[in-house]
Amino acid sequence: MPGQTIEVIIPVRDMADHLPGLLRPLLDQLSDGDRVTVVDDASDDDTAAVARSLGANVITLAKGGGPYYARQVAASRSAADILLFIDGRCRPLPGLLDAHRALQSQPGIVLSCTNVHTLSGPTLAARMAAKMQPFMLPRGGGAMKAVVGLVPPRPDYYPTCNLGIDRIAFEKVDGFRAMRGGGDLDICWRIQDQSLGTIGTDTRVLMEWEPRASLRDLASQWKRYGNSNAYIRWAHRNDNLAKVDPASSYVSPSEAWATARTELRRSPSELAAIAVLGLAFQYGYFAAQFKRSEFEMPVPIEITGDAEAR
């Protein structure tokens, strides 16, 4: 349906400086009935004020609940046909919204994504992220395959840096589960496992992504990936995940990791940085294993009274 409406949902915390480059090109693409909602997850800076001044709808959270909670708050209030989840580091390019609209107008498509190109920068961390290109779809078309160990039986998924979800399908699976990371993979699997539809992909680069500038922040990101990998393995423990290799991130396919190891051989500092990321991932993964008693049966996120729309 060409007339499908889209609500773009963006969870952010202390990202006021990122918002102009994110929101201006996005707001230029809106059609009748579309809107952009920024969920300010208990920021200490001017995130909410900047988002509002640029023309976005703003929901403020009194206390930080994490990105999936923030997404769930906005999605639970939406009446749009398509929920498009992106994040504060995204830089939309012309045609992004129309591409998601076109994909989701196809029969059986309830999930959608386009290619996301990771930008480079002056720091080692930024250059590494650009070489890895963790969000790029495979050359020659086709969807990104399930990337928890690239297990063939599992459905495709795409990260919430550029993931469109049909609102009805989203509601039928009760939205995101209560988890700090891996919620994008989890909801894509649940939607497809319940035969609600499949994922459609547009391999054009219609989004750019600004990487973290410091190696410390990048390592922290990979630690979260390791933790999420452990949780996903547990949550889907009956889904043939015994073959999953814990050395591969749920966000970056193992082929991207292998590419990084071979292409970043030009300096000792780059090799050391690769080792740091690998250790960070392993630490996050095995730390989660030791805290497995904290794992609970995944449940839908419950929306509390700490959100205020402005």
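Here are the numbers for the structure shown:
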item	result
Answer residue from the range 188-204, given it is modelled with pLDDT of 95 or more and hydrophobic (A, V, I, L, M, F, W, C) and is nearest to PRO25 (Cα to Cα) among those	ILE191
Residue ranges of strands (runs of 3 or more DSSP E) in the range 42-135 with at least 1 members hydroxyl-bearing (Ser, Thr, Tyr) and out of contact with any Gly (no Cβ under 7 Å at 6 or more places or on another chain)	57-61, 109-118
Filtered residues of the range 116-135 (kept if in contact with a strand residue (DSSP E or B) (Cβ under 6 Å, 6 or more places away or on another chain) and surrounded by fewer than 20 Cβ atoms within 10 Å (Cβ to Cβ))	HIS117, LEU119, ALA130, GLN133
Residue count, the range 180-196 (criterion: surrounded by fewer than 22 Cβ atoms within 10 Å (Cβ to Cβ) and farther than 19 Å from LEU137 by Cβ)	6
Residues within the range 137-179 that are modelled with pLDDT of 65 or more, closer than 20 Å to ILE109 by Cα and not acidic (Asp, Glu), tallied	21
Out of GLY33, GLY21, sole residue that is under 26 Å from VAL173 (Cβ atoms) and either in contact (Cβ under 8 Å) with a residue 40 or more places away in the chain or out of contact with any helix residue (DSSP H, G or I) (no Cβ under 7 Å at 6 or more places or on another chain) (or both)	GLY33
Selection within the range 14-37 - in a loop (DSSP other than H, G, I, E, B) and touching a Leu at 6+ places or on another chain (Cβ under 9 Å)	MET15, GLN29, LEU30, SER31, ASP34
Out of VAL12, VAL50, VAL36, sole residue that is out of contact with any Lys or Arg (no Cβ under 9 Å at 6 or more places or on another chain), more than 24 Å from HIS100 (Cα to Cα), buried (at least 18 other Cβ atoms within 10 Å of the Cβ) and in the same structural domain as ASP81 (by TED's automatic domain parsing)	VAL50
Of the criteria (1) over 17 Å from the mean Cα position of the chain (by Cα); (2) basic (Lys, Arg); (3) within 25 Å of ASP202 (Cα to Cα), which one ARG91 fails	(1)
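The values are calculated or read from the model by the stated rules, or taken from the named source; none is laboratory data. Predicted model, so just to flag it, every value in this text is computed and none were measured. Note that each Cβ is placed from the backbone with ideal geometry, even for glycine, and that neighbours are counted across all protein chains shown.
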